[in-house]
Amino acid sequence: MDCLFCKIINREIPATIHYEDDEVIAFDDINPKAPYHFLVVPKKHISTLNDVTDEDVPLVGKLVQIASQLAKKVAIAEDGYRTVFNCNADGGQVVFHIHLHMLGGKKFSS
Ligand code: AMP
Ligand code: ZN
């Protein structure tokens with residue numbers, strides 16, 4: 001499958017990986033928008049949030065949990081951070097394999 005994040009999962013493209021288990025991988029965004037910018041990605045290929053099924057709900061919840069664990073690991077949990085899913089064109093999605101952006105280490109405006 002011609003999917004960038006599947007290629008990272010399969011080690012066909014390198015990434016700086018911060019977390020991995022049998023269901024989820026998290027790595028640095030190559031074009032960070034904050035001092036910390038991780039992408040938390042399910043290993044299952046799901047193209048967009050619109051394609052999440054009932055059976056994927058625990059997996060999507062796990063992405064949020066891993067993001068919070070990474071925030072604690074890099075000691076930004078108390079200061080805070082931002083999590084974002086982009087969906088399709090108006091949401092600014094460019095990689096069509098769902099991923100949770102975890103951004104921190106700076107103060108965002110609301
Ligand atoms: P999105 O706009 O939500 O689809 O976000 C895709 C993200 O993937 C962007 O923030 C890109 O900087 C990031 N990205 C693109 N290529 C790579 C790569 N090879 N490794 C890590 N992150 C990447
Ligand atoms: Zn994929």
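Summary table
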{"item": "Enumeration of residues in segment 1-10 that are in a helix (DSSP H, G or I) and touching a residue at least 40 places away in the same chain (Cβ under 8 Å)", "result": "LEU4, PHE5, CYS6"}
{"item": "PHE38 being in contact (Cβ under 8 Å) with a residue 60 or more places away in the chain, on the phi < 0 side of the Ramachandran plot and not charged (D, E, K, R)", "result": "yes"}
{"item": "Matching strands (runs of 3 or more DSSP E) fully within segment 11-110 where at least 3 residues are within 16 Å of ligand 2 (Cβ to nearest atom) and surrounded by 14 or more Cβ atoms within 10 Å (Cβ to Cβ)", "result": "24-28, 36-42"}
{"item": "Qualifying residue in segment 53-74 (condition: under 20 Å from ILE25 (Cα atoms), modelled with pLDDT of 95 or more and touching a helix residue (DSSP H, G or I) at 6+ places or on another chain (Cβ under 6 Å))", "result": "no"}
{"item": "Pair list, Cβ < 8 Å and 6+ apart or interchain, from segment 79-106 residues that are over 15 Å from VAL64 (Cβ atoms) and of a type in the set (A, V, I, L, M, F, W, C) to residues that are within 16 Å of ligand 2 (Cβ to nearest atom) and open to solvent by less than 30 Å² (accessible area, probe 1.4 Å)", "result": "CYS87/THR48; CYS87/GLN93; VAL95/CYS3; VAL95/PHE5; PHE96/CYS3; PHE96/THR48"}
{"item": "The listed residue being closer than 27 Å to ASP90 by Cβ and within 11 Å of ligand 1 (Cβ to nearest atom), out of HIS37, HIS45", "result": "HIS37"}
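The values are calculated or read from the model by the stated rules, or taken from the named source; none is laboratory data. As the structure is a prediction and not an experimental result, all values here were calculated from the model. All Cβ positions, glycine included, derive from the backbone under ideal geometry; neighbour counts span all protein chains shown. For the accessible areas, the whole protein counts, side chains as well, though only heavy atoms, and no ligand, DNA or RNA atoms are used. Shrake-Rupley method; radii C 1.70, N 1.55, O 1.52, S 1.80 Å.
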